[in-house]
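Notes follow once the structure below has been shown.
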Amino acid sequence: MKNLVNILVLIIIISIAYFIMNKKKKIDQLEWENPSVISINKESARAHYFDFESKELAKINDIEKSIYYQSLNGKWKFYYSLNPEERPKEFMKNDYDVSSWDDIDVPGSWEMQGWSVPVYVNVQYPFPPNPPFVPHEYNRVGSYRNRFDIPSSWLDRDIFIQFNGVRSAFYLWINGEFIGYSQDSKTPAEFNITDFITVGENSVSLEVYRFSDGSYLEGQDTWRISGIERSVFISAKPKIRVTDFLIKSDLDSLYKDGHFELVMDLINNSKDSSDITIQGELLKYDNPKDPLFNFERKMSITNKDTIEYKSIISNVDVWSAETPSLYKLIITLINNQEKVIQSFTQQVGFRKIEMVPGNILINGKPIIFRGVNRHEWDYKTGRSITEKQMIDDIKLMKKFNINAVRTSHYPNQMRWYELCNEFGLYLIDEANIEAHGMEFHKDKYSFISDNDEWEEAWIQRGRAMVERDKNQPSIIMWSMGNEAGDGENFKKLYKWMKERDDTRPVSYEPARNEDHTDVVFPMYATIETISKYAEDNPKRPLILCEYAHAMGNSLGNLQDYWDTFEKYDALQGGFIWDWADQVILQVDSSGKEYWAYGGDFGDEFIANDSNFCSNGLVAADRTPNPHFFELKKVYQPIEFIAEDIARGQVRISNKYDFINLDHIDFSWFISEDGKTVESGKLGVIDLNPNENTVLSFNLSSVVPKPGAEYFLTLIARLNQNTSLLNKKHVVAWEQFSLPIHRPTLQADISNFSEIRISEKDTTVDVIGDDFQIIFNKKTGFLKEYIFSNRHLIRSELAPYFWRAPTDNDRGNMMHIRSAIWKNISDELTIKFFQRSLSDNVVKIKMIANHDPSESIITITYKIFGNGLIDIQQEIVTGKEKLPELPRFGMKMTLPKDFNRVTWFGRGPHESYWDRKTSAPIKVYSGSVWEQTFPYVRPQETGNKTDVRWMALDNGTIGLLAIGQPVFDGSVHQYPYEDLENVPGDKRHGKLDIKPKDQIDWLIDYRQTGVGGDNSWGARTHQKYTLDGKSANYKYHFYLIPFTKGVDIMALSKINMN
C-alpha cells in the first residue's frame, strides 16, 4: 500500500512539473509563434457599421462626413528589416527619429512597393512546415509610423483605431505605449486607445511580421505578400452606444411576409446611469419617406444591456440575386437632453434560406449557382482594391450572367458585401483558414486540424467572419475555409457557427459527406462523379465549390457540366476557378509591359508555382479571356431549344428563379451565308420563372440559293436600363441551322484552261494559264503555289498533328505522352508517289509510313485548270497503344503581307471542339495578328471551328481554303512553334509572341478539345479527343487563289465533285 501511495505522489509531482514547464514554455513563446495567442487587447468581433453623430449623416452613410472619423490611409513612414533581429526595436518611442525613413502607401503591401518580392506558391508554404514556428532568418519585418491629431471635442468619447486587414501579424503602439497584438489578416483588428491619446498630435506605430503561426492558416493559393492591406482609421464613439447587433430578416412559409428580428447589445461607459431613447425605423431604399415600421424604447442603462425587437411586415419585397430589394434600418440613440448620441444604418434584405432533402432553397426555390470564385486582386497594388474596382467586377459578372461568388478564400473587404446586397449576388462567405502546405508535414493536416492547441485559432477566425458579416443578406452560406484537411477543430467550428446562426447552412469541402457540412461541397469532381451522387437520392445537395479550372486556354466541356446540373435536382451548380488572373504588371528592360507570375521576381524566395496564378475568366486588367464568352453563353438564364426546327418551332424557357421575362425584348433574324435576309421583333414574351412556350417562325418565305446556308438566330436584350447594365444589353441568344438547302451545280471543268505537267528531278510542276503549282517528289508535299507571278506560300503544306501545349495539356503530360506526333512531317517515309493527267485534271497521290507510330498517311491532290487544288489527307494508325493526336491537319507558311483574314465559321473569338457554343457562325474578318490571344504563358491560341471557308489576302491577291464541308483553322503572324513552352525558360505571352515576317496557316480536320476539368492531370473528355488507337481520320478541302474584287462567298460555292 505504501509503495502505491509513493507511486501516486510521484505521478502527481511529475504532472505538476510538466504543467508548470509547459505553461512557462507557452509564456516564453513569441506571440507570433504561439497558436494560443490570437490577439492581445483586441476588441471582440462585431457587426460592421459606423457610429454617426446624427440621423441625417447615418442616412447618407458616408463615414468621411463624420467629425468623429479620421482616415489614416495615405503615406506612412516605413522601415524594412530582413528579419526580427535587425528590426529597429525602439522605433515606437515618440522621440525616435523616423524622418529619414521611406514613405509607403497604406493600404498596400510592401512587396508591391519595392521592398522584398512577392512570392507565388499554390500548395506549399514559403518555408518548411514546422508549426507553430516560422523561419526567423528571413521573416521580413515592416516598421510603420504615422501621426494623427485628436481634437478636444473627442475627449468625452471612447476612441478606437481599426485596421481592416494586416498580414500576417502585428504589434501596435500609441504614443510609445503598447496597445496590443493581432493575427488574421482578413478581418478587422479594433483597439480601444482612449487612455493612450492626448489632445493634439499623437503617434501610431506598427510592427508587422511577414510570417507568423497565423501563416499556417493563411496558405491560400495566391501571392504571399505582406503589410497593411486594407484601410486604417480612428473613430470616436459615444460612451453610451450600441456595441453590436444581430438582424434576422426571414420570410413566412408562403414567402410573402417578412419576419424581422433585431437584437442589440448596449454599453454605458460613462460614470453614471443614463436614461436613453432608442429609435428604430425600416425604410424602403427607393421610398425612404414612408417607414414600414418604427419603434421607440426608453430605458435606463448603467453598464451593459440587451434589447430585442420583432415585427411582421406584410407583403414584403423579397431579396434575391435577381430582385435585390433592400430596406434601410436606421437605429438612433437619444439622450435625456433629446440629443442624438449615436445613429447607424444597415441594409436589410428579406429572404428565406432552407435546407430540405436534396436541396438548398432560397425563398422556396432550388436555385442553381452560376458561380465564380473571386480573389481580391489588383495587378498593381495586390490585394488592396478600391470600391470602384469592386463595382466594376460586379458589373462584369452581371454582364456575363454570373449570379454567385465564393469569397475565396477569406472574408473580403466589408464594402464588397454591401455592394452585393445592393446589386444582387449570392455569396458564400469563407473563413480565413487554409493550411494546404501541411500536406508536406510528416503528420499532414491533422497536426494542427486535430490539435486542441489550435482550436482557438480555428474558432476565432470563424467567429471574426460570422460576427462581422452576420447581417449581410447576400450571404446565403458560410464556408469554414479551404483545403485545410479535416479534424476536430472543424467539427467544433461547425458547432459554434450553427449555434450562432441558425439561418444559414455551413459548408466545408474536405468534410465531404460527414455531418459537419450541410452541403456536399466538392472541388473538381467529374461529371461522372456528380451524376452518380445525384442518382443515389442524396439527402444533401451537391454544389461544386470549384470546377472548370480556367487556367490559360481552358473551360472546355462547360456545357456538359451544365447539362448535368440541369438533369439532376440535387446538383445546384458550382463556382468556376477563378475570376481574374492573379498576375502582376511588370515592365521589361525595353519598357514593354507584361504579366509577371511566380518565379519572375528573382531568387530571394526560390519556391514558386509559375503561372498557376493565371486561372482567370478575365485578365488581371479585367479584359475578358476568350473562354469568358463561353461561360456567359452557358450561364445564360434563358434557354432556346429546337422543338421542330424544320417547321420553324423553337421552345423558349425562362430559367430565372424569381422574375418574369418582361424585362427582355426578343428579336430574331434569318441569315443567308451570314447576311440577314429576314428579321423581326417579338417584343416581350410573358413567361414566369421555369415556364416555357413554343414559338413558330415562317420559313416558307425563304427561297434558297444554291449552296447557301441558312440560320435562325434569336436574341434576348434588356428593354430598359438597370443599375449596372444598359438597355439593349444581350442577355441570351441562340443560333439554329435551318434545314433549307439547294445544291450547287457541279463545275464544268471543260471550261477551264488547259493545264500540263512538267517533271524535274525533285519536283512535279503543274502549270496553268496564270499559275504554277510545285510538288516535292521527295516529301510528296505541295511546295510552292505561284499565282500571277507571285509566290503564295513560303513553306510546304505538310501534315501537322501537334499543338503548342496548353496549360491543361502540360498538366496532364500531353506534351510528353503525345510527343510521337510532334514532328510527323519530318519522320515520314514515302512509299508511293503517283502523278497523272487525265481530262485536264492532274491527280497526285502520295502514301507514306510513319514508322514511330506504325501509321500510314495518304495525301491526294487534284489540280484543275482554274487553279483549284482538291486536297484530301487520311491517317490510318497501326499501334493499339497510341496516344491521342493533339490535332489532325496540315500547316503551311505564307508571306508576311498576307495579314488579313476572313472566314465563314464560328467566331469572332477562338473556339474549340469542346468550347464553341458561344461562337455563332457568321462571316468575320480582321488582321491575322488579332487572332492571337496573348495568354500569360504562350500556348495554343486562335483556333476557329466549323469553318466553311477561310481566306488570307494582302489587299491584292489571296488564297482561299474551302471546307468539304468544314474544317478547323487558325492563322499566326509568327512561326506557330513560337507558342511552344521552352523548358527552363520563363516565357510570357505579351513579351515572347511578336509579329514576324511570315504567316503560318493551319488547316485541320479537328483539334482535340482543350479540356478544363482541372489543370493538373485531367485529360480532355474522350468524346472531344482524337483517339490515336486504331484510328482512321480523313478530311477534305479546296485551295484556290483569288484577286481583289472577287466575291469570295460565291467562289466558295464551287463544286468539283
For this session: Kindly indicate which of Val204, Val166, Val232 is within 29 Å of Val583 (Cβ to Cβ) and touching a Phe, Trp or Tyr at 6+ places or on another chain (Cβ under 7 Å).
Result: Val232
For this session: Would you be able to say whether some residue in the stretch 943-955 is under 30 Å from Asn866 (Cβ atoms) and surrounded by fewer than 17 Cβ atoms within 10 Å (Cβ to Cβ)?
Result: yes
For this session: Can you run down the residue pairs with Cβ atoms below 8 Å, 6 or more apart or on separate chains, where the first is in the stretch 702-729 and closer than 30 Å to Asp393 by Cβ and the partner is basic (Lys, Arg) and assigned to a strand (DSSP E or B)?
Result: Lys727/Arg717; Lys728/Arg717; His729/Arg717
For this session: Look at Ile267 and say whether it is crowded, with 23+ Cβ neighbours inside 10 Å and not assigned by TED's automatic domain parsing to the domain that holds Ser446.
Result: no
For this session: Identify, from the list Gly889, Gly878, Gly867, the residue that is under 30 Å from Lys843 (Cα atoms) and modelled with pLDDT under 95.
Result: Gly878
Problem set entry | Contacts under 7 angstrom Cβ, first residue in the stretch 769-783 being among the acidic types (Asp, Glu), partner at pLDDT 95 or above and crowded, with 18+ Cβ neighbours inside 10 Å, 6 or more apart | Asp770/Phe787
Problem set entry | the stretch 510-549, residues that are part of a helix (DSSP H, G or I) and surrounded by 22 or more Cβ atoms within 10 Å (Cβ to Cβ) | Ile530
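Out of the residues in the stretch 287-312 meeting the condition of being aliphatic (A, V, I, L, M) and modelled with pLDDT of 95 or more, tell me which one is farthest from Gly349 (Cα to Cα).
If we take residues in the stretch 287-312 being aliphatic (A, V, I, L, M) and modelled with pLDDT of 95 or more, then Ile307 is farthest from Gly349 (Cα to Cα).
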Problem set entry | Subset tally (residues that are aliphatic (A, V, I, L, M) and closer than 30 Å to Thr1020 by Cβ) for the stretch 809-846 | 7
Exercise. Looking at the stretch 156-182, which of the residues that are within 41 Å of the chain's Cα centre (by Cα) and part of a loop (DSSP other than H, G, I, E, B) is surrounded by the most Cβ atoms within 10 Å (Cβ to Cβ)?
Worked result: Gly165
For this session: May I ask you to list the residues in the stretch 331-357 that are out of contact with any helix residue (DSSP H, G or I) (no Cβ under 9 Å at 6 or more places or on another chain) and either over 28 Å from Arg157 (Cβ atoms) or among the acidic types (Asp, Glu) (or both)?
Result: Glu338, Phe350, Arg351, Lys352, Ile353, Glu354, Met355, Val356, Pro357
Exercise. Could we say that Val966 is farther than 26 Å from Tyr524 by Cβ, in contact (Cβ under 8 Å) with a residue 40 or more places away in the chain and surrounded by fewer than 23 Cβ atoms within 10 Å (Cβ to Cβ) here?
Worked result: yes
Exercise. Can Asp429 be described as surrounded by fewer than 24 Cβ atoms within 10 Å (Cβ to Cβ) and not polar (S, T, N, Q)?
Worked result: no
Problem set entry | Scan of the stretch 599-611 for residues that are surrounded by fewer than 22 Cβ atoms within 10 Å (Cβ to Cβ) and not in a loop (DSSP other than H, G, I, E, B), ordered by number | Ser610
Exercise. Of the conditions (1) closer than 30 Å to Asn608 by Cβ; (2) of a type in the set (Lys, Arg); (3) buried (at least 18 other Cβ atoms within 10 Å of the Cβ), Arg468 fails just one. Which one is it?
Worked result: (1)
Seminar exercise, completed: If we keep only residues of the stretch 736-785 that are hydroxyl-bearing (Ser, Thr, Tyr) and surrounded by fewer than 19 Cβ atoms within 10 Å (Cβ to Cβ), then the residue nearest to Gly867 (Cα to Cα) is Ser753
Exercise. Where in the stretch 720-827 are there strands (runs of 3 or more DSSP E), lying fully within it, with 3 or more residues that are assigned by TED's automatic domain parsing to the domain that holds Ile645, under 28 Å from Arg906 (Cβ atoms) and hydroxyl-bearing (Ser, Thr, Tyr)?
Worked result: none
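Could you pull out every one of the strands (runs of 3 or more DSSP E) wholly within the stretch 46-124 that has 1 or more residues that are at pLDDT 95 or above, surrounded by fewer than 15 Cβ atoms within 10 Å (Cβ to Cβ) and touching a strand residue (DSSP E or B) at 6+ places or on another chain (Cβ under 8 Å)?
It comes to 69-71, 74-81, 102-106.
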Problem set entry | Checklist (1) surrounded by 20 or more Cβ atoms within 10 Å (Cβ to Cβ); (2) assigned to a loop (DSSP other than H, G, I, E, B) applied to Leu1002, failing item | (2)
Problem set entry | Every pair of residues 6+ apart whose Cβ atoms lie under 9 Å, when the first sits in the stretch 329-352 and is more than 20 Å from Glu418 (Cβ to Cβ) while the second is modelled with pLDDT under 95 and of a type in the set (Ser, Thr, Tyr) | Asn335/Ser274; Asn336/Ser274
Exercise. Does Met551 fit the bill of being more than 19 Å from Lys365 (Cα to Cα), touching a Cys at 6+ places or on another chain (Cβ under 8 Å) and of a type in the set (A, V, I, L, M)?
Worked result: no
Problem set entry | Ile312 vs. criteria more than 25 Å from Glu56 (Cα to Cα) and assigned to a strand (DSSP E or B) | yes
Problem set entry | Some residue of the stretch 932-947 being over 25 Å from the mean Cα position of the chain (by Cα) and either modelled with pLDDT under 95 or of a type in the set (Phe, Trp, Tyr) (or both) | no
Exercise. Taking strands (runs of 3 or more DSSP E) that fall entirely within the stretch 856-950, which contain at least 1 residues that are without any contact (Cβ under 8 Å) to a residue 24 or more places away in the chain?
Worked result: 921-927
Problem set entry | Residue list for the stretch 233-292, restricted to those being closer than 24 Å to Trp154 by Cα and not in a strand (DSSP E or B) | Pro238, Lys239, Asn269, Ser270, Lys271, Asp272, Ser273
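Does Ile1040 satisfy the criteria of being in contact with a strand residue (DSSP E or B) (Cβ under 9 Å, 6 or more places away or on another chain) and assigned to a strand (DSSP E or B)?
yes
The values are calculated or read from the model by the stated rules, or taken from the named source; none is laboratory data. These numbers were taken from a predicted model, which means no experiment stands behind them. As a convention, Cβ positions derive from the backbone with ideal geometry for all residues, glycine included, and neighbour counts pool all protein chains shown.
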